[in-house]
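One structure is given below, represented as structure tokens, and several questions about it will come after.
Taken together, the values in this text are just the output of simple stated rules run on the coordinates, not laboratory data. It should be emphasised that the depicted structure is a prediction, and the values quoted were computed from it without experimental measurement. Note that each Cβ is placed from the backbone with ideal geometry, even for glycine, and that neighbours are counted across all protein chains shown.
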Amino acid sequence: MHPSNQLSSLGRYTLLCIASLTVMVGALVAPGLLSIANGLGVNGSPTWLMTLPSLGAVVCAPIAGKVIDRYGAYSCLIIGLFLYGAIGAFVFVLYGPIPVFINRFALGGVTAIVMASGTVLISEWYTDKERLGMMAQQGMAIELGGVIFLFLGGQLAVQHWGLPLSLYLAGWVFLAMLLFFVPRHSPQFEDESKGDGSAALTLNYFSLKKVYLCTTLAMLVFFSCMVVLPIAMHQQGYREEQVGYLLALISSMAVVSALFMPRLERRLGQAGLLISAFALYAFAYWCFGQASLWVLVLGALFVGTGFGFSIPLLNHMTVERSPAAVRGRNLSYFTMAIFSGQFLTSFIELIPGDINNVFIACMGAASLVALLLLISRFQQKGNP
């Protein structure tokens, strides 16, 4: 096993910067959504600017995985970052629903390549506890990227509706960093490619299918609060800046909790930590159904912690259960699960009744998942 310090601190920072591009792909346009939709000629369906990249990632992820396994993560990441910047910024010159929506769908497909190949590189450079720690930092980078780029997007949207779109060119900046600071050949790839990956296959007591299902459900429950909470708080009479502060608190708590996730994983085990994450999600939605600001703050702390405990861990579990020869494919399915959860939040408005019914449904779903994981853990006779 090669020491992880063969990758420089700048190389490590580069891989984390690349991870930050994940959330911003759709959320970047949120602060100036209406003005951007007007500028692009899609006034009738502005929310599709945010949700279509998720659909593109879901549809294209399986293809992306096969391409990564065949041509290598490094080469695919180079192409992905270049296309990310080009396609993301090019939408500025388009007008009308058909060309704009095709562009957003294609951007999501490219994001699947960037996310999966970036994670493959992390898995090649790091092993065991160091890999889990890096996956936790990757989760932190994803949330920080959302916070930073949302803030910048809001500031730029005040100046001109098209300026936020220039932030997609960050992909080109990170491409230059990749070429300068991350070597093309990683030691872990050279070592693991010689084996048959049988060690990874011994972890089937918590299969990859269960990992993907938990990932989709975790993202669905987490992202639902980002969509529904602003509506509920507006109905309760809270100001827009208060809503913004609470959403920022959720992201900040996700970053902090991901930092402590590896240490808790060693104490509670993987199943125990996932049970805790979904229990936190369930309690958070009970809090969101209350009108008190302090109870809402408590809910924000719980839902952010649930994210930090679940998504980085599930990412690591996917790598842990994937032989090197098919790691790109499996991580692309993980990417597919991530964006499936986000895209499914588009349909939560179909839940009948008022907004509290959405909170109850999410609380029930999270509680059920936690209970099923607990039962499964007992059935495995103490397997973590």
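Provide, as a two-decimal number, the C-alpha radius of gyration of the range 73-170 over 2.2 N^0.38 Å, N being how many residues it has.
Here the answer is 1.25, to two decimals.
Is it possible to state the helix-based mean residue ellipticity at 222 nm for the chain, with each DSSP H run of 4+ residues giving -39500 (n - 2.57), the sum divided by total residues, to the nearest 500 deg cm²/dmol? What is it?
Using -39500 (n - 2.57) per qualifying helix, the result is -26500 deg cm²/dmol.
Where Lys and Arg each count +1 and Asp and Glu each count -1, what net charge lies around residue 248 among other residues with Cβ under 11 Å from its Cβ? Please report the intermediate quantities before stating the final value.
Values: positive: none; negative: 143, 241.
Around residue 248, the surrounding residues sum to -2.
Quick one: Kirkwood hydrodynamic radius for the chain, alpha-carbon pairs, angstrom, one decimal? Write out the running numbers ahead of the final one.
Details: mean 1/r = 0.0477 Å⁻¹.
Taking every pair of different Cα atoms in the chain, averaging 1/r and inverting gives 21.0 Å.
Now for a different question. Of the peptides 288-300, 79-91, 19-31, how do they stack up when ordered by the mean number of other Cβ atoms within 10 Å, highest first?
Values: 288-300: 17.2, 79-91: 21.0, 19-31: 25.1.
Highest-to-lowest ranking by the protection proxy: 19-31, 79-91, 288-300.
Under DSSP H, which helices of the chain have Cα atoms covering 18 Å or more of the helix axis and a Kyte-Doolittle average no less than -1.0?
48-71, 73-90, 97-125, 128-159, 208-235, 240-288, 293-320, 327-344, 355-379
While we're on this one: Grab the beta carbon distance between residue 10 and residue 263, set R0 = 30 Å, and tell me the FRET efficiency rounded to 0.05.
It comes to 0.70.
A further question on this structure: Once you list every other residue whose beta carbon is under 12 Å from the beta carbon of residue 208, what net charge do they have if Lys and Arg are +1 and Asp and Glu are -1?
On the way: positive: 209, 210, 321, 327, 329; negative: 320.
So the environment of residue 208 carries a net charge of +4.
Just to be sure I follow the definition: excluding the sites themselves, where is the longest run in the chain that has none of the trypsin sites (Lys or Arg not before Pro) in a DSSP loop with at most 14 other Cβ atoms within 10 Å?
It works out to 1-183.
Among 212, 281, 71, which comes first, second and so on when ranked by fewest other beta-carbon atoms within 10 Å?
On the way: 212 19, 281 31, 71 13.
By the 10 Å Cβ count, ascending, the order reads 71, 212, 281.
Over the range 240-384, one equal point on each Cα, no solvent: what is log10 I(q)/I(0) by the Debye formula at q = 0.10, 0.11, 0.18 Å⁻¹?
Log10 I(q)/I(0), no solvent term: -0.39, -0.48, -1.20.
Calculate, axis by axis, the spread of Cα positions in the range 1-197 along the three principal axes, and write the results as whole Å, longest axis first.
Sorted largest first, the three principal extents are 54, 31, 25 Å.
Obtain the nm distance between the two label points defined at residue 43 and residue 169 by a simple spin-label model: each point lies 7 Å from its Cα along the Cα-to-C-beta direction.
Simple spin-label model gives 2.9 nm for this pair.
Starting from 0.36 nm per residue, how many nanometres of slack lie between residue 356 and residue 371 once their C-alpha separation is accounted for?
Extra length from residue 356 to residue 371 when fully extended: 3.2 nm.
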